[in-house]
Structure formats: C-alpha cells, structure tokens
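Below is one structure, written out as structure tokens; the observations come after it.
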Amino acid sequence: MPIFSEMTHKYLRAKKKFPNVWCSGCGIGTVMGAIIRAIDHLHLSRDEVVMISGIGCSSRMPVYVDFNTLHTTHGRPLAFATGVKLAKPNLKVIIVTGDGDALAIGGNHFIHACRRNIDLTTILINNSTYGMTGGQVAPTTPFMKIGTTAPYGNRERGFDISKLAMAAGAPFVARGTVYHVVQLQKLVEQAILKKGFSLVEVISQCHTLYGRLNKEGGPVEMMKWQRDHAIPISAAGKVPAEKLKDKFFTGVLWDIDFPEYCEEYDKVIALAQSLAEGEGVRVKGKERE
Amino acid sequence: MKPPVKNQRLMQGNRACVEGAMAAGCRFFAGYPITPSTEMAEILAAELPKLSGKFIQMEDEIASLAAVIGSSVAGVKSMTATSGPGFSLMQEHIGYAYMAEVPCVIVDVQRGGPSTGLPTKVAQADTMQVRWGTHGDYYAIAVAPSSVLECYEFTLRAFNLSEKYRTPVIVLMDEVVGHMRERVILPDPDQMTIIDRMKPTVPPEWYQHFEINPHFVSPMASFGEGYRYNITGLTHDPFGFPTEKPEEIKQKMDKLKNKITHNLDDIIQVRAEFMEDANIAIFAYGIVARAAREAVRMARERRIKVGLIQPLTIWPFPDQYMEHIQEQLDLIIVAELNQGQLIGEVMRVNRGKTRVSSLTRYDSELITPDQVFEKIREEK
Ligand SMILES: Cc1ncc(C[n+]2csc(CCOP(=O)(O)OP(=O)(O)O)c2C)c(N)n1
Ligand code: SF4
C-alpha cells in the first residue's frame, strides 16, 4: 500500500475503505496520488469531480476517493460517463480504466468516445495484462510476452494506444509512467483542463503477475525499466533512430482543437427551439433492420 | 357522423410511447437504431432538444443503457428503446441498474426471434427474457400496453414506477402495438400524476445512498449535489461500498426483493373483462388481448361464459389475482405469440387446479379473434 501525504489523505475515504485491494508495489496507487494532486492543484471542488471506472484492479480506484464515484461494468465506463457528462456538463468527469477494460471489451466505446469528443478525461492504466483476473494476456501485451492464457508466448501484437486514440479522433493524447510521477501529475492537469476528450496513458507495473510471468523483476526493476525506456517527446528527432528501438515517447503527444460535443449540443438545442415544429427525418420504402 | 373531438390525433404507438415519456419528464434518450423501435429514437432526436433535453445515438445497445444509467445518476429522467437483439445486449446493464438502484426506462418493441429473426414482424417471445434475462436474482417490473393510448399511459407509468422504486422498468411492446396508428386523445399532462425520485433530507455526512429503511427504497441524491457517494455493481453496503459480509449481502438482496414484493398491490395491474360469471378465461397481454377481447364478445353472443384476463403489468406476475380467480374457472386459455412462455407462469400459480390450454402462434402473424373463438369452442 502506498504512503499518502496529508494533502492526499483529505481526498481519500480513509476511514471507510482502507486498506485497499492493490498489491504493495503496484503502480495504480501512484497514479491515484498523481490524479489527486492534479485535482488539488487545479482547486477543483470535490463535489464537482466525478470519477468513473470499469472493472479491474485499476478500476477499483473510485471506491477509495472522496468524489462522486461510479464503479461500472467491465469495459463500459466511457459509455456511462457519456450519460453523466451530457446530463450535467458542469461536472468534471474523470475515467479511470485498465488496458483490458478500455481496449478489449471496451474497445468500441473507446474509439467512439475519441471520435465523439465529449469533454471527458480518461486515465488509462496500461500494465500490459489483466491484473484482476490473474495475468491473462491483454490487447496491450507485447508480442511473445507471457500471460497465463499465452503460456507459450503471445502471438498477437499489442495495441499502440496513443496512435489508436489519435486515429480515432481524440484531440488530446498524452503518455506518462508511474516512475515519472511529477510529469504524470502535470499531464493529468493538462488533460483535465483540455476542452474535449483527453487521454492519458500511464505505463504501470503489475509485478505480481506480469512481472513474475515475464521475469521482469519486482516493482523497483519494473520502474527502472520505465525510466530507461521512456523518451520525452521533446527529444523526438534529436535521438538517433537506433536508440529509439524498444523505447516509447512520453509527454503530450497530440493536442489539437475540435468542437466539443456538449457545446455543439447546446447549439442543437438552440436550433431546434428556434425552428418550427417538425417530425424527425424518416427514410421511407426501404427494408430496415 | 360523430362530431369531431377536440385534441384528437392519429398517432403511432411508438410516437405515443415517447410522448408519454416526455410527459413523465424524460429528458435524455440514448439508443441504437433497430426495427421496430427506431421511430422512437428519430422522434426524440427531434423533440428532446426542443425541451432542452438531450438525445444521443450510441455505438451499440450496451453503451446506450450505460449512458442512460449515467444520465439518471446525474439526476435526469432517462430512457432507451430497442428490440430483441438489442434487448439481449442490454441485459448486463439492466442488472447493473437493478443492483445500483438507478431509475430508468427500457422499451422493448418485440419482433420475431431468436437472433436477427424477423425484424419487421410481430412476436411476444421476449416475455421470459424480460423476467430472467439478466444474471443473478432479479425482480422485474414490466408494463405491457395493447393500444396506442396505453403506449402513452403505460410509458408514463413506467417512469413513475421506476422513480418511485429506484429500479429499471421495462415497457414491453411489440411490432404491431409500436407501428399501428389509432385515434387518440392524449390525457392532459396536468391531470397526470408524475412521480419524481425521493431526495435525501439529511446532511451529506449522514447520507447513505442505499439506506436500509422500512420502505426498502432509499432517497437518491444526484451526482453534483454535494452528496459524495459511491455506486457499484458489486454487492455493497448501505454506503455503496463493496462488501463480502454475508449479513450485508443478505440485507442488500432482501432490500432489492422486498421493494418489489412488498408493493405488489401498487405495481400490479390486471384488466378483467366479463370475469364475474366466467368459467373460462382467456389470458393474454398486449396485442393478443385485443383479439381475445373480440373472441370473448363472439363467445358471449353464443352464451359461452368466457372472460378476458389481461395483465397490464406482465411482471411481477399477478399471482394473487390468479390464485383467487382460478377458483371459479374450469379452463384457462393462454394465448401468446411465442411457443408457450406465459403458460408456464399460469400453470405455476394454478398447480393443476384448472385445465390450462395453450394457444400459440409464432409464424409472424397475429392470433386472430376467430382463432381464439375456435379454441374456446374446441376446449369448452
Ligand atoms: C463482462 C465481464 N467479463 C469478464 C470479467 C472479468 N474481468 C474482470 S477484470 C478483467 C480484466 C481487467 O484487466 P484490465 O482492464 O487490464 O485491468 P487491471 O486489472 O489490469 O488493472 C476481467 C476480464 C468481468 N468482470 N465482466
Ligand atoms: S495484480 Fe497487478 S495490477 Fe492488480 S493490484 Fe496486484 S500488482 Fe497491481
């Protein structure tokens, strides 16, 4: 269990819900700390923050924090968040999801949330595995890594989450790691402030399962790996290509502006109200399924 | 010629359904197009923004019900509408709404199944899926309109029941009820009772989102109102935190059950016609009840003592009414557009006391009054 500062403590449901379910040394607690510090630094009121998650170790986070919290079904937090945000656009909606949650069972919701561009902040904790169910392969498990359901090596490729999000239309995409925790807090802050759908992928360690199965050591070794493989995006172009092998970029990878859905819907409301009554467009004479 | 009646309109069932929803205060719809429910999405896409409500077309039915639940949690009355294939996809979230006690309304305009089945044809084959579709123990509430006017009234009632009991409520329609057009005079919305979820009166520190109380229904604060609480589909304690303590688990499960089973008189509605002296009853809901009504009229002309039992709420099943009425009956004919689903419920309550006979049709056509009448003549 991670140690929390006094500031962090006031955002936790400390009396009610601790100790937590996470293994000591797991990266998820560190991500929770970074999110809390970001919220504190932005002076958001706890009443206006909504944290929504799916199912998984990562998705247990909302239970522990003193916000409006919604722990949903496996893979679907973005769909729930869509309803919450549309109903009350003034709320700050933060989604915490795992790589399996967001990209396997929730892959469809993920790409559509990127495309739709509702002002949601998604923190995707990528530990390359299914932690909660015991180390099975995830859609992020790299080629030839071991999972309990790929005992002879994973023959599929993992998703490149950031590229997927960009291609699907997300206007803000960032990547951080548990090791680079100060940077992570800043990325979360930027993501919250971004008007539109924002994604922060956090490279995290599941030493208990993924680390052990793949002989990558304990939390310390796995965080050293994060340190040694992360290259700030600002250094892109400056680093020779051969040094980029097996590495990944961190920082804000993509930041564009695109009309935000809730604001667009306000225009829909204004237009509908100004137009005369009329029935919705109907397609006639066509076989419909 | 009859004099024209004021406010009379020719209206489709699907339209009446969403009119009822809007009158009930529904201001959010998330859905995915599917015949024969699509008109509801199309109408609400145009109508909700006029009321400052919101419509969104989601990527599938799983997402649709998720968004509906999310919106309801944020305090907006919300609904979705679908048909068999989409209704199957919604099952996990129907269970979620039930477990998390989130009011919402789900319309299932039934079509022929299984699978993609018969997109444009009528059926009543989701009857048992409505009751048992989601996993785990579950007590369903479902209303079943048989006319365009009832589509309006029952959808409004579905919202009221959902808000009152903090539970998902299903409006079980079918292709014919959804698509047929009838002349209706919609009731004046000011004359209708509209129920809103109970709000907490305690300060946030005392608030328990799933409070255990003698009514089994807990007051519900919305997100953003200063009551910061947790909602989860995991079995939880009164605060909404996951629990694995047997006594808390039982308490939660009993609460979910009791809020339905202790309020059966308020929830269940049965329409009984010509039942005073009947020794034969036709048991039918939705569109089939209308054919049965005509058959009863035909039989009565021939002095056959037949009556009609039409459950207006299909779930919970009207056990008590059936227990009482079956005492006077020699025969119950269960007419339904499937291979025999509701008959199981009738027989469960009947326990062999009366002859129970099945009239089914599952070839995409309606059961006709003549068919019901023939069945009465054959069996009596
Ligand atoms: C519909 C459904 N299928 C499967 C599961 C079982 N399940 C729970 S968590 C999980 C995987 C979680 O992996 P990930 O999202 O990567 O989160 P992590 O535990 O690694 O943080 C699975 C498969 C479930 N709860 N619901
Ligand atoms: S199983 Fe892995 S992801 Fe889950 S808490 Fe333990 S270390 Fe973290």
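Could you list all residues from the range B:57-91 that are at the interface with chain A (Cβ under 10 Å from one of its Cβ atoms), in a helix (DSSP H, G or I) and either in contact with a strand residue (DSSP E or B) (Cβ under 9 Å, 6 or more places away or on another chain) or among the β-branched types (Val, Ile, Thr) (or both)?
B:Ile62, B:Ala63, B:Ser64, B:Leu65, B:Ala66, B:Ala67, B:Val68, B:Ile69, B:Gly70, B:Ser71, B:Ser72, B:Val73
Do we find that B:Phe29 is assigned to a strand (DSSP E or B), surrounded by 24 or more Cβ atoms within 10 Å (Cβ to Cβ) and more than 7 Å from every other protein chain (Cβ to nearest Cβ) in this structure?
Considered against the rule, which asks whether it is assigned to a strand (DSSP E or B), surrounded by 24 or more Cβ atoms within 10 Å (Cβ to Cβ) and more than 7 Å from every other protein chain (Cβ to nearest Cβ), B:Phe29 comes out as yes.
In this structure, does A:Glu189 turn out to be in a helix (DSSP H, G or I), more than 14 Å from chain B (Cβ to nearest Cβ), at pLDDT 95 or above and closer than 30 Å to A:Met132 by Cα?
Considered against the rule, which asks whether it is in a helix (DSSP H, G or I), more than 14 Å from chain B (Cβ to nearest Cβ), at pLDDT 95 or above and closer than 30 Å to A:Met132 by Cα, A:Glu189 comes out as yes.
Within the range B:314-323, does at least one residue satisfy the condition of being in a helix (DSSP H, G or I), touching a residue at least 24 places away in the same chain (Cβ under 8 Å) and among the hydrophobic types (A, V, I, L, M, F, W, C)?
Checked against the condition, which is being in a helix (DSSP H, G or I), touching a residue at least 24 places away in the same chain (Cβ under 8 Å) and among the hydrophobic types (A, V, I, L, M, F, W, C), the range B:314-323 yields at least one hit.
Could you run through the range B:85-100 and say how many residues are more than 16 Å from ligand 1 (Cβ to nearest atom) and buried (at least 24 other Cβ atoms within 10 Å of the Cβ)?
1
Scanning for something assigned by TED's automatic domain parsing to the domain that holds A:Met51, within 16 Å of ligand 1 (Cβ to nearest atom) and assigned to a strand (DSSP E or B), does the range A:202-220 turn up at least one residue?
Among the residues of the range A:202-220, at least one is assigned by TED's automatic domain parsing to the domain that holds A:Met51, within 16 Å of ligand 1 (Cβ to nearest atom) and assigned to a strand (DSSP E or B), which makes the answer yes.
Report whether or not A:Ile28 is within 12 Å of chain B (Cβ to nearest Cβ), under 16 Å from the mean Cα position of the chain (by Cα) and hydrophobic (A, V, I, L, M, F, W, C).
In short, no.
For the range A:74-125, name all the residues that are surrounded by 24 or more Cβ atoms within 10 Å (Cβ to Cβ) and at the interface with chain B (Cβ under 7 Å from one of its Cβ atoms).
A:Arg76, A:Ala79, A:Phe80, A:Ala81, A:Thr82, A:Gly83, A:Val84, A:Leu86, A:Ala87, A:His109
Tell me which residues, restricted to the range A:5-22, are outside any loop (DSSP other than H, G, I, E, B) and either within 16 Å of ligand 2 (Cβ to nearest atom) or under 14 Å from A:Ile39 (Cβ atoms) (or both).
Within the range A:5-22, A:Met7, A:Thr8, A:His9, A:Leu12, A:Lys17 qualify.
How about the range A:236-260: which of its residues are surrounded by 12 or more Cβ atoms within 10 Å (Cβ to Cβ) and modelled with pLDDT under 95?
A:Ala236, A:Val239, A:Leu244
Just checking, which of A:Ala174, A:Ala167 is within 30 Å of A:Glu263 (Cβ to Cβ), more than 14 Å from chain B (Cβ to nearest Cβ), more than 16 Å from ligand 1 (Cβ to nearest atom) and touching a strand residue (DSSP E or B) at 6+ places or on another chain (Cβ under 7 Å)?
A:Ala174
Which of the residues that make up the range A:143-163 are more than 16 Å from ligand 2 (Cβ to nearest atom), of a type outside the set (Phe, Trp, Tyr) and either modelled with pLDDT under 95 or surrounded by 15 or more Cβ atoms within 10 Å (Cβ to Cβ) (or both)?
Result: A:Ala150, A:Asn154, A:Gly158, A:Ile161, A:Ser162.
Would you check if A:Phe67 is assigned by TED's automatic domain parsing to the domain that holds A:His43, crowded, with 24+ Cβ neighbours inside 10 Å, within 17 Å of B:His209 (Cβ to Cβ) and of a type in the set (Phe, Trp, Tyr)?
Yes; evaluated as a whole, the condition is true for this residue.
Would you mind telling me which numbered condition in (1) of a type in the set (Gly, Ala, Ser); (2) away from chain B (no Cβ under 14 Å); (3) buried (at least 17 other Cβ atoms within 10 Å of the Cβ); (4) over 23 Å from the mean Cα position of the chain (by Cα) A:Ser204 fails?
(4)
Somewhere in the range A:120-140, is a residue closer than 21 Å to A:Pro77 by Cβ, touching a Lys or Arg at 6+ places or on another chain (Cβ under 9 Å) and away from ligand 1 (no atom under 15 Å from the Cβ)?
Looking through the range A:120-140, at least one residue is closer than 21 Å to A:Pro77 by Cβ, touching a Lys or Arg at 6+ places or on another chain (Cβ under 9 Å) and away from ligand 1 (no atom under 15 Å from the Cβ).
Cβ contacts < 9 Å: first residue within 14 Å of chain B (Cβ to nearest Cβ), restricted to the range A:127-147; second residue within 12 Å of ligand 2 (Cβ to nearest atom) and of a type in the set (S, T, N, Q), any location; separation 6+ or different chain. Result?
A:Met132/A:Ser58; A:Met132/A:Ser59
Condition test on A:Ala104, is it aliphatic (A, V, I, L, M), within 9 Å of ligand 1 (Cβ to nearest atom) and without any contact (Cβ under 8 Å) to a residue 40 or more places away in the chain?
Yes, satisfied.
Do the conditions hold for A:Leu44, that is, is it in contact (Cβ under 8 Å) with a residue 60 or more places away in the chain and closer than 30 Å to B:Phe55 by Cα?
Against the criterion (in contact (Cβ under 8 Å) with a residue 60 or more places away in the chain and closer than 30 Å to B:Phe55 by Cα), A:Leu44 qualifies.
What do you reckon, is B:Ala299 in a helix (DSSP H, G or I), touching a residue at least 12 places away in the same chain (Cβ under 8 Å) and over 27 Å from the mean Cα position of the chain (by Cα)?
So B:Ala299 fits the description; yes.
Could you tell me whether B:Leu44 is more than 7 Å from chain A (Cβ to nearest Cβ), over 24 Å from B:Val176 (Cβ atoms) and not aromatic (Phe, Trp, Tyr)?
Considered against the rule, which asks whether it is more than 7 Å from chain A (Cβ to nearest Cβ), over 24 Å from B:Val176 (Cβ atoms) and not aromatic (Phe, Trp, Tyr), B:Leu44 comes out as no.
List the strands (runs of 3 or more DSSP E) inside the range B:158-261, counting only whole elements, that have at least 1 residues being in the same structural domain as B:Ser146 (by TED's automatic domain parsing), loosely packed, with under 14 Cβ neighbours inside 10 Å and under 25 Å from the mean Cα position of the chain (by Cα).
Ranges flagged: B:181-185.
Quick check, is B:Phe223 more than 30 Å from B:Ala295 (Cβ to Cβ), away from chain A (no Cβ under 14 Å) and touching a helix residue (DSSP H, G or I) at 6+ places or on another chain (Cβ under 7 Å)?
No: the conditions fail for B:Phe223.
Is there a residue being in contact with an Asp or Glu (Cβ under 8 Å, 6 or more places away or on another chain) and within 16 Å of ligand 2 (Cβ to nearest atom) anywhere in the range A:78-97?
no
Listed here are the residues, each with its yes/no results for (1) away from ligand 1 (no atom under 16 Å from the Cβ); (2) under 18 Å from B:Ser64 (Cβ atoms).
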residue	(1), (2)
A:Asn68	yes, no
A:His74	no, yes
A:Phe80	no, yes
A:Thr97	no, no
A:Phe110	no, yes
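Residues to consider are B:Thr368, B:Thr360; find the one that is surrounded by 16 or more Cβ atoms within 10 Å (Cβ to Cβ) and not assigned by TED's automatic domain parsing to the domain that holds B:Gln124.
That would be B:Thr360, the only listed residue that is surrounded by 16 or more Cβ atoms within 10 Å (Cβ to Cβ) and not assigned by TED's automatic domain parsing to the domain that holds B:Gln124.
With among the basic types (Lys, Arg) and under 30 Å from A:His112 (Cα atoms) as the only criterion, which of A:Lys247, A:Lys224, A:Lys215, A:Lys243 stands out?
A:Lys247
Within 23 Å of the chain's Cα centre (by Cα), of a type in the set (A, V, I, L, M, F, W, C) and not in a loop (DSSP other than H, G, I, E, B), is that true of B:Val334?
Yes.
The values are calculated or read from the model by the stated rules, or taken from the named source; none is laboratory data. Computed from a prediction, not measured in an experiment: that's the story for all the values here. All Cβ positions, even for glycine, are placed from backbone atoms using ideal geometry, and neighbour counts span all protein chains on display.
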